[in-house]
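Please read the structure below before turning to the comments.
Readers should treat all values here as calculations from the given coordinates under stated rules, not as data from a laboratory. Given the structure is predicted, the values throughout are model-derived calculations rather than measurements. In this analysis, Cβ positions are derived from the backbone assuming ideal geometry, glycine residues included, and neighbour counts consider all displayed protein chains.
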Amino acid sequence: MTDNLISRDDWSLHRKGRIDQKRHREKVKDAIKNNLSDLITDEGIIITKGKKVLKVPIRSLEEYHFRYSHEKNKHGGQGNGNSKKGDVLGSDPSGGPSGRGKGAGDQPGVDYYEVEMSVEELSELLFEELELPNMQEKQSKEVETEAYRFTDVRKRGLSGNLDKKRTILENLKRNAMKGEPKIGGITPEDLRYKTWTVHRQYKSNAVVLAMMDTSGSMGNFEKYIARSFFFWMVRFLRTKYESVEIIFIAHHTQAKVVTEEEFFTKGESGGTKCSSAYSLALDLIDKKYPPEEYNLYPFHFSDGDNLPSDNELCYKLVAGLLERCNMFGYGEIVNPYYRSSTLLNTFKSVSADNFKAVTIKDKNEVFSALKAFFSRKDRD
C-alpha cells in the first residue's frame with residue numbers, strides 16, 4: 001500500500017517568498033529600534049499631532065549568489081557536493097571591505113533605501129518595553145471593563161467569525177474519508193465558526209500629573225525637549241492603559257491646570273517657582289484622588305532654573321508627594337551653556353526609592369528618559 005501524497009516536492013523551496021518577507025520585517029524592526037532615539041524626537045511628529053509618516057533608512061538585502069572577483073582574476077574550483085549552510089568556501093586575501101574615506105574607489109558600497117512607517121507602528125515598538133511602575137491594586141474606584149475571548153468553535157455562527165483553518169481541515173477530513181484526500185467542494189457541514197465569551201476585568205485607576213515649567217528661562221530647546229517627552233508619555237499611557245487620567249499643569253511663578261492643547265502649544269514668561277506646581281498637585285490629590293483609591297504618578301520637567309529661596313519648599317512638597325504617590329519623576333533639561341542647577345542639587349538628598357530623576361542634554365536622550373521612568377521590571 002502506497003501513501004497518498006499530495007506532492008513529493010521540497011516544500012522549503014515554496015516558502016522562499018515567506019522567508020524573504022520575514023527577513024525583511026526583521027530588518028525593518030532592527031533598523032527602527034536602532035533609530036528610535038532619533039525618530040521619536042522628529043519635530044514634525046509633535047507639530048502634526050502624530051499624523052506624520054516617517055521614513056527609516058534600511059540596509060538592502062541581497063539575494064545569495066556567486067559573483068566574479070573585482071580583481072578580475074580567473075578562478076576555478078570543485079567540491080564533493082557535501083557543503084552545508086555556513087561552510088566557508090574561500091576568503092578574500094586582501095581582506096578589504098567596501099571603503100570609506102578620502103579619494104575615489106572602485107569597490108561597491110552598501111545600498112540603503114527608505115521605508116515609510118506610521119507613528120502607530122513606531123509606537124508599537126517603542127511601548128513594548130514600557131509600563132507604569134509600582135502599579136498596585138486599590139480598594140475601590142476600579143473601572144470595570146469587558147474583554148472578549150474566543151474560546152470555542154461551533155458549526156453555526158456569524159460569517160465574520162468563520163474559522164477558515166478549521167473549515168479547511170474539516171473539508172480535508174471529510175474528503176479523506178471518501179478516499180479523496182484533497183481540499184475542495186466545501187459544504188455547509190464543513191464550516192466552523194469561532195465563538196467568544198465575555199470576561200469582566202477590573203483595572204485600578206491611574207492618575208498621571210504632567211507638570212511643565214513654562215517660565216521665561218525655558219527656551220526653545222528646553223520646551224521642545226519637555227514637549228517631546230510628554231507627547232510620547234501621553235501616547236504610551238493611552239495606548240497601553242484603558243483607565244488612566246492625565247492632568248496637565250503648567251507653571252511659572254504660579255501653577256494652573258490647562259487643557260492638553262494649551263499644554264503643548266502655549267508658552268509663558270516670568271520667573272520660576274516650581275513649588276507652585278507641586279503645591280497644586282498635592283492639593284488635587286488630597287481633594288480628588290486619595291492614594292488608597294488611585295495609583296498616582298506626578299512627572300515634572302524643568303530647566304532647573306528655580307528661585308533659590310523656593311528650593312527648600314520644593315523639597316518638602318516633593319517629600320509629601322512621595323508619601324502619597326507610586327512614583328515621582330523629575331526631568332531636568334540641561335542647556336549646552338549649562339550652569340549648575342540649584343533644584344537638582346536640592347533633590348540629590350532625596351533617598352526615597354520611588355523618586356527618579358534624569359537629566360537631558362540632547363534630544364536623543366528623550367528615549368532614555370522614557371525608559372528610565374517606565375522600564376518594565378523584567379527588563380531591569
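Things worth noting here:
- Within region 205-379: Cβ-based charge dipole about Cα centre, in debye rounded to nearest 20 (Lys, Arg +1; Asp, Glu -1): 440 debye
- Gain on full stretching of the segment that runs from residue 196 to residue 153 - 0.36 nm per residue minus C-alpha separation: 14.6 nm
- Pairs spanning more than 18 Å between alpha-carbon atoms, out of 22/165; 223/363; 316/348; 223/348: 22/165; 223/348.
- When +1 charges are put on Lys and Arg Cβ atoms and -1 charges on Asp and Glu Cβ atoms, the dipole computed for region 178-266 relative to its Cα centre reaches about 280 debye.
- At an R0 of 35 angstrom, the distance between the Cβ atoms of residue 165 and residue 348 translates into a FRET efficiency of 0.05.
- Prolate/oblate/rounded call for region 270-316, Cα gyration tensor, a/c under 1.5 rounded: prolate
- Region 205-379 shape via C-alpha gyration tensor axes, a/c threshold 1.5: rounded
- For region 243-294: rounded, prolate or oblate by the Cα gyration tensor [a/c cutoff 1.5]: oblate
- On the beta carbon distance between residue 371 and residue 173, with R0 = 51 Å, the FRET formula returns roughly 0.50.
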